[in-house]
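Here the structure is laid out as structure tokens; the discussion comes afterwards.
The values are calculated or read from the model by the stated rules, or taken from the named source; none is laboratory data. Note that the structure is predicted; figures quoted are calculated from it, not measured. Here Cβ is always computed from backbone atoms with ideal geometry, including for glycine, and neighbour counts include all displayed protein chains.
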Amino acid sequence: MEKTKNSPHVLYGSLYVLHGLVFLLTTAVVSAQPQMPDFKAMSGSVLPVTDIPAGTITARVIRGSMDQNIAGQVVEFTVDGAVRKVTTDANGRATIAGLKAGTRVRAVAVVDGERLESKDAVVGGSGLRIILVATDPNSAARAAEDAALAKAPPVKGLVVLGGDSRVIAEFSEDRLTIFYLLDVVNTARTPVDIGGPLIFDLPRAARGTAVMEGSTKQATAMGPRVTVIGPFAPGVTPVRIAYELPHGGPTVRIDQRWPAAMQETAVIVSKVSNIDAASPQFATKQTRTEGGASFILGLGPAIAAGQALVLDITGLPHHSRWPRYLALGLAGAVMVVGIWAAIAVPTRKPRERGRAGD
């Protein structure tokens, strides 16, 4: 029973999690819960594009998000040390064109006293787009309010397993390792108390269970059970579970009951030899190859709390057990014969030994 994050086979298996994450990043899987980008963090970015001519630079000024363009805003372009002032149009864009390759440009706008400045842009073989994002006071006020609410006492509520949650199966060196990359999502603005811990009872055959790096400290593993204690903060609480699933034949079944509703079914199985995967929860299944590695991707609808994900992994390479059983049987037979022989052979009596010497 492991209660540690450093199980040797799990550390080995963590390499496969990285592979799984690469798979997720390189596949066009639309999450049931898309994450909005942080536009403020993108402010000042320079992006090469092909939809505008080379030598053209467009700076777009927005307030907080892409649906709040700032029209009539003066943008100062510093072009190889010379300043050009351009006013944004109705789409929040200020444009300069006809620049030679190698020209260095920086864009600056001052919105309500807030200075927005781009990174240095160097004109090349494509057009360039710059985004300048002013602070949205409404968003800032909401963020401050959210921060205050996050420190409030927990209230009764529910959590779900978010749309970015994944089940990954990796086979290597005769080992089948299963990973649950789970996002426990609290959509409320305050911490929630679900009335007890969130308990994941893994398949009984699971061994080497461990909570992996990157998980919340609220999660612990004991045998085939992972317990995540509350309360749960607003947003995502990451839970990363790994275990080895022994297999004596070509097929194993995972029957995993989820303690909270899973918003989307997403399963990734490494495609080795004749391995295949099937589940009644799959609405679609396809085989993909990324970076020279093949994998099976199964997607399906939500699973209600208390319901199970049933996954059959077939075609697993395995070694027949009968030679081992035969060897053990023969060894046992030899031992029995030896013991019987030691007991059954009579020893000579003293008188018989004396007569023999006459």
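Brief remarks follow.
- Once the range 124-162 is narrowed to residues that are buried (at least 20 other Cβ atoms within 10 Å of the Cβ) and part of a loop (DSSP other than H, G, I, E, B), the residue that is farthest from the chain's Cα centre (by Cα) is V159.
- The range 240-286 - residue that is among the hydroxyl-bearing types (S, T, Y) and in contact (Cβ under 8 Å) with a residue 24 or more places away in the chain and, of those, nearest to G157 (Cα to Cα): T265
- Of the residues screened, A219 is not one that is in contact with a Ser or Thr (Cβ under 6 Å, 6 or more places away or on another chain) and assigned by TED's automatic domain parsing to the domain that holds A260.
- Looking across the range 100-121, the residues that are within 36 Å of the chain's Cα centre (by Cα) and not small (G, A, S) come down to L116, E117, K119, D120.
- On the stretch given as the range 93-123, residues that are of a type in the set (S, T, N, Q), surrounded by fewer than 21 Cβ atoms within 10 Å (Cβ to Cβ) and not in a strand (DSSP E or B) total 1.
- Test: residue in the range 224-242 that is under 22 Å from A308 (Cβ atoms), aliphatic (A, V, I, L, M), in the same structural domain as I296 (by TED's automatic domain parsing) and outside any strand (DSSP E or B): no
- Only residues that are surrounded by 12 or more Cβ atoms within 10 Å (Cβ to Cβ) and touching a residue at least 40 places away in the same chain (Cβ under 8 Å) were counted across the range 287-306, and they come to 9.
- A count restricted to the range 186-221 and to residues that are surrounded by 23 or more Cβ atoms within 10 Å (Cβ to Cβ) and of a type in the set (V, I, T) stands at 2.
- Residues satisfying the stated conditions in the range 95-129, i.e. among the hydroxyl-bearing types (S, T, Y), out of contact with any Asp or Glu (no Cβ under 6 Å at 6 or more places or on another chain) and under 16 Å from V83 (Cα atoms): T95, S118
Conditions tested, residue by residue: (1) assigned by TED's automatic domain parsing to the domain that holds G249; (2) acidic (D, E); (3) out of contact with any Lys or Arg (no Cβ under 7 Å at 6 or more places or on another chain).
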| residue | (1), (2), (3) |
| --- | --- |
| S126 | no, no, yes |
| I131 | no, no, no |
| A150 | no, no, yes |
| R166 | yes, no, yes |
| L176 | yes, no, yes |
| L181 | yes, no, no |
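- Cβ-Cβ under 9 Å pairs, at least 6 apart or on other chains, the range 42-60 side surrounded by 15 or more Cβ atoms within 10 Å (Cβ to Cβ) and part of a loop (DSSP other than H, G, I, E, B), far side modelled with pLDDT of 95 or more and acidic (D, E): S43/E117; G44/E117
- Within the option set A188, A169, A205, being under 19 Å from the mean Cα position of the chain (by Cα) and more than 16 Å from P238 (Cα to Cα) holds for one residue only, A169.
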